[in-house]
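Before any comments, here is the structure.
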Amino acid sequence: MPERIVIQPVTRIEGHAKISIYLDDDGAVSSAQFHVTEFRGFEKLCEGRPFHEMPGLMSRVCGICPVSHILASSKACDNLLGVEVPRTAVQQRRMVNLAQLVQSHALSFFHLSAPDLLLGMDAPPEKRNVFGLVERDAEFARRGIRLRQFGQRIIELVGGKRIHPSWGAPGGVLRAIGEAERDEIRGWIPEALESAEIAIGRLKGVLDSMAIEIEHLGNFPTLFLGLVSPEGGLEYYDGVIRIVDGEGNAVAEGLDPQRYLTYLGEASEEWSFMKFPYYKPLGYPGGKYRVGPLARMNVARFAGTPRADREMHEFKQRSQGAVCESFHYHLARLIEILHAIERIEEITQDPDLLGSNIRARAGQNRNEGIGCSEAPRGTLFHHYQVDDNGLVRSANLLIATSQNNLAMNLAVEQAARYFVSGRSLQEGMLNRVEAAIRCFDPCLSCSTHALGQMPLVVELRDAGGALLDRARRG
Amino acid sequence: MTVLLIAIGNAMRGDDGAAHRVIERLEPAPGVVVRGELQLLPELAPEVARADRVVFIDADVEADEPSIEPLEAGAGAGTPLVHTITPREIVLLAGKLYGFTGRAYLCRLPVADFDRDGLSPAAEAGVEKAVGLLREFIR
């Protein structure tokens with residue numbers, strides 16, 4: 001009789017999830033699923049609210065990447081106003097977005113993934129954590145904390161506070177900054193650059209010893225999607241969508257984020273609260289795509305900053321086409337940290353950063369607004385429809401983590417097929433299956449969707465896997 | 001003597017915000033630094049290490065009365081990190097990475113209801129008593 005093995009909860013990812021591994025009659029893994037059982041319903045909550053409240057409301061979606069939601073929301077609201085945002089505000093928005101990328105990626109690498117990567121997947125679980133890392137190399141751990149502080153400090157200096165800053169707004173931002181803030185940010189740059197390069201060196205130094213994990217933790221061709229600049233470089237705030245396939249060939253160029261509904265669809269499965277976005281021209285599930293650091297490395301032709309360009313050039317040599325190994329999300333994340341620090345330094349050299357014209361003001365000029373930016377985990381869309389009184393009639397958030405959902409499920413299945421055998425689970429097997437998910441650094445609290453749109457199926461099974469009862473809600 | 005008071009919780013979730021109410025009620029005092037945190041993250045460790053005494057103030061559904069108890073450093077059991085860490089883990093990081101030699105405490109606040117605006121009467125009463133305990137502690 002087929003048997004189901006459940007790993008719950010998945011540790012060291014944000015939010016709540018469950019993995020089910022299905023065995024066939026011979027005890028081999030037949031399939032696996034990554035379930036998201038957390039439900040939040042933010043899209044429903046904001047119906048009826050004035051649209052100018054949205055950046056503040058949306059920041060509450062997440063305590064790790066609130067800036068991403070503030071930005072995408074503010075951009076959607078800019079769209080409702082129909083205004084051009086002043087350059088000072090744009091530069092602030094760019095810098096804070098990059099600062100958030102640094103702090104979020106630093107948390108992901110130093111505190112969540114580095115124990116696996118630097119202590120080894122088979123290290124005892126009681127040692128394979130950030131405290132084990134501290135025992136092994138305290139200075140490296142301190143550098144991780146300082147990198148997070150760097151990102152968080154910029155958010156605090158510019159946004160007013162580190163988590164959920166009341167800063168982004170329709171038409172611009174709410175606070176100007178002065179020379180003191182700018183100079184403090186500049187003061188952090190040399191150490192931050194050094195730490196990022198040390199981390200890249202450390203990770204590259206262990207990749208040869210992890211060839212099996214690289215091969216089997218989510219290594220398959222998919223599409224990759226992300227924003228790029230008009231010239232095809234890395235871009236996090238604006239730009240156009242580029243999609244490449246697993247061979248690195250361009251599938252779509254210059255797509256307007258405002259028209260995302262024409263090329264992206266969202267499917268649902270009864271076993272997860274998280275949706276399954278796909279590229280419409282290839283259908284579901286054939287149109288599976290990945291977003292985030294690995295995708296950005298694949299869709300962009302260059303970084304546009306000297307240190308990151310060197311690393312990105314080397315990164316791209318890891319494959320003749322696109323780099324398809326999800327394991328390389330980790331390295332891509334570190335290259336992005338390096339790039340973000342370089343870009344932040346550039347922005348601090350722009351006199352317009354200190355301008356006083358920080359917000360364009362206008363009444364509502366449109367009933368529909370779409371905002372798009374690159375969040376740490378990938379491309380983020382906020383889409384609002386408002387009535388003539390400026391009240392939100394509907395909202396749709398297309399979240400980075402959910403866009404990786406199909407790929408995460410494939411990665412879990414691939415890892416289970418290779419690493420899980422027999423009728424019991426060993427710690428090393430479990431950790432590798434979980435590590436397949438951690439490559440994507442999912443933030444599940446961000447990625448669950450609206451009330452009534454996603455049915456919940458509850459199944460009651462006995463120890464042998466036979467179905468005793470089944471309930472469907474929603 | 002530096003005392004660091006760290007309030008933990010989400011003020012938008014009813015009684016979970018009780019710790020924030022406590023630090024709002026405490027008068028500024030020399031040598032006392034207060035921080036309000038939605039969640040604990042590793043970068044708090046250096047600040048903890050600079051204090052002689054640190055008190056984590058947190059809502060606790062299992063507390064019957066407000067209390068201030070010594071807190072030992074320690075790692076989590078088996079699930080070391082999500083995107084947040086615990087007070088015991090912060091103290092451990094502060095000691096291992098930044099040489100914290102001070103003393104750490106946990107101030108537990110009795111709470112019951114997280115699905116409301118503002119604090120419940122029971123949490124308000126607990127805040128009142130906790131403020132008194134902390135005034136004595138700081139003195």
Förster radius 56 Å - calculated FRET efficiency between A:S209 and B:R35 (Cβ-Cβ, nearest 0.05): 0.85
The range B:93-109 residues near the modelled B:E72 label - backbone nitrogen below 18 Å, point 7 Å along Cα→Cβ: B:93-96, B:101-107
Ranking by accessible area, most exposed first, for A:W271, A:W167 with a 1.4 Å probe: A:W271, A:W167
Percent antiparallel among DSSP beta bridges (both partners in chain B, rounded to 5): 15 percent
Selected from B:Y98, B:G17, B:A123, residue furthest toward positive end of dipole (chain B; charges at beta carbon): B:Y98
Under-5 Å amide H pairs with A:R49, H placed in peptide plane, nonlocal only: A:V392
Set of lysines near B:K96 by C-alpha distance (under 17 Å), chain-local residues within fewer than 8 positions excluded: A:K127
Approximate spin-label separation A:E135-B:E128, in nm, with each point projected 7 Å along Cα-to-Cβ: 4.8 nm
Tensor-based shape of the protein assembly as shown (alpha-carbon gyration tensor, a/c under 1.5 rounded, otherwise prolate or oblate): rounded
Heavy-atom accessible surface that A and B bury in contact, both chains counted, 1.4 Å, Å² to 100: 2400 Å²
Hz values of 3J(HN,Hα) by residue in the range A:196-210 - Karplus curve (6.51, -1.76, 1.60), Gly and Pro given as x: 4, 6, 5, 5, 4, x, 5, 5, 4, x, 9, 4, 4, 7, 10
In range of the label at A:N249: residues from the range A:298-329 whose backbone nitrogen is under 16 Å from the point 7 Å along Cα→Cβ: A:320-323
Net dipole in debye of chain A [+1 Lys, Arg Cβ; -1 Asp, Glu Cβ; about Cα centre; nearest 20]: 780 debye
Cross-link pairs A:K75/A:K275; A:K18/A:K44; A:K18/A:K280; A:K161/A:K316; A:K44/A:K280; A:K44/A:K288 - those with Cα-Cα distance over 30 Å: A:K161/A:K316
Three-way shape call for chain B based on the alpha-carbon gyration tensor, with the a/c threshold at 1.5: oblate
The range A:259-343 - percent relative contact order, Cα under 8 Å, separation 6 or more: 22 percent
Area accessible to solvent at B:V131, 1.4 Å probe radius, in Å²: 0 Å²
Debye, to nearest 20: dipole size of the range B:5-139, +1 on Lys, Arg Cβ, -1 on Asp, Glu Cβ: 560 debye
Shape call, the range A:42-406: gyration tensor on alpha carbons, a/c limit 1.5: oblate
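The values are calculated or read from the model by the stated rules, or taken from the named source; none is laboratory data. This structure is a prediction, so every number in the text was calculated from the model and none was measured. All Cβ positions, even for glycine, are placed from backbone atoms using ideal geometry, and neighbour counts span all protein chains on display. Remember, those area values only see protein heavy atoms, side chains included, never the ligands or the DNA or RNA. Shrake-Rupley method; radii C 1.70, N 1.55, O 1.52, S 1.80 Å.
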